[in-house]
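Got a structure for you, written out below as structure tokens; questions coming shortly.
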Amino acid sequence: MIKYDRLWITMKEKDITQYDLYTKYNINRSQLNRLRHNKNVQVNTIDRLCNILHCNVEDIMEHFDDNNLF
């Protein structure tokens, strides 16, 4: 399972709000909702967030083992 809890911590550290993401950086609100609920998001969204926040992927998301083996 991928969790995006680190995203909110990194955003706070960088002083960037969700409002900033969708008004200044054109991140779709539905994408923010998906991130908030730890649902699938496209890799390009993760890439954009890393560029906006000037951070690495591991500053945004974290993997936890689960039984999801497809």
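Per residue, how large is the accessible surface of the chain? Use a 1.4 angstrom probe and give square angstrom.
74 Å²
Which value, in debye to the nearest 20, describes the size of the charge dipole of the chain about its Cα centre when Lys and Arg Cβ atoms bear +1, Asp and Glu Cβ atoms bear -1, and nothing else is charged?
Result for the chain is approximately 380 debye, rounded to the nearest 20.
Rounded to the nearest 500, what is the chain's calculated 222 nm mean residue ellipticity when only DSSP H runs of at least 4 contribute -39500 (n - 2.57) each, over all residues?
Value at 222 nm, helices only, nearest 500: -14000 deg cm²/dmol.
When the Karplus curve 6.51 cos²θ - 1.76 cosθ + 1.60 is applied with θ = phi - 60°, which whole-Hz ³J(HN,Hα) does each residue of segment 57-62 get, with x for Gly and Pro?
Couplings: 4, 5, 7, 10, 9, 9 Hz.
Please list 3J(HN,Hα) in residue order for segment 4-18, calculated via the Karplus relation 6.51 cos²θ - 1.76 cosθ + 1.60 where θ = phi - 60°; whole Hz, with x for glycine and proline.
Working through the residues one at a time gives 10, 4, 5, 4, 5, 5, 5, 4, 5, 4, 8, 6, 10, 9, 4 Hz.
Just Asn28, Asn44, Asn56 to compare: in a GNM of the chain, with alpha carbon springs under 10 Å, which one fluctuates most?
Per the Cα network of the chain with a 10 Å cutoff, Asn44 tops the list.
The values are calculated or read from the model by the stated rules, or taken from the named source; none is laboratory data. Just so it is clear, the structure is predicted and the values come from calculations on it, not from any experiment. Cβ coordinates were reconstructed from backbone atoms using ideal geometry, including for glycine residues, and neighbour counts include every protein chain displayed. Ligands, DNA and RNA are stripped out before the accessible areas are found, and what is left, the full protein with its side chains, is counted by its heavy atoms. Shrake-Rupley method; radii C 1.70, N 1.55, O 1.52, S 1.80 Å.
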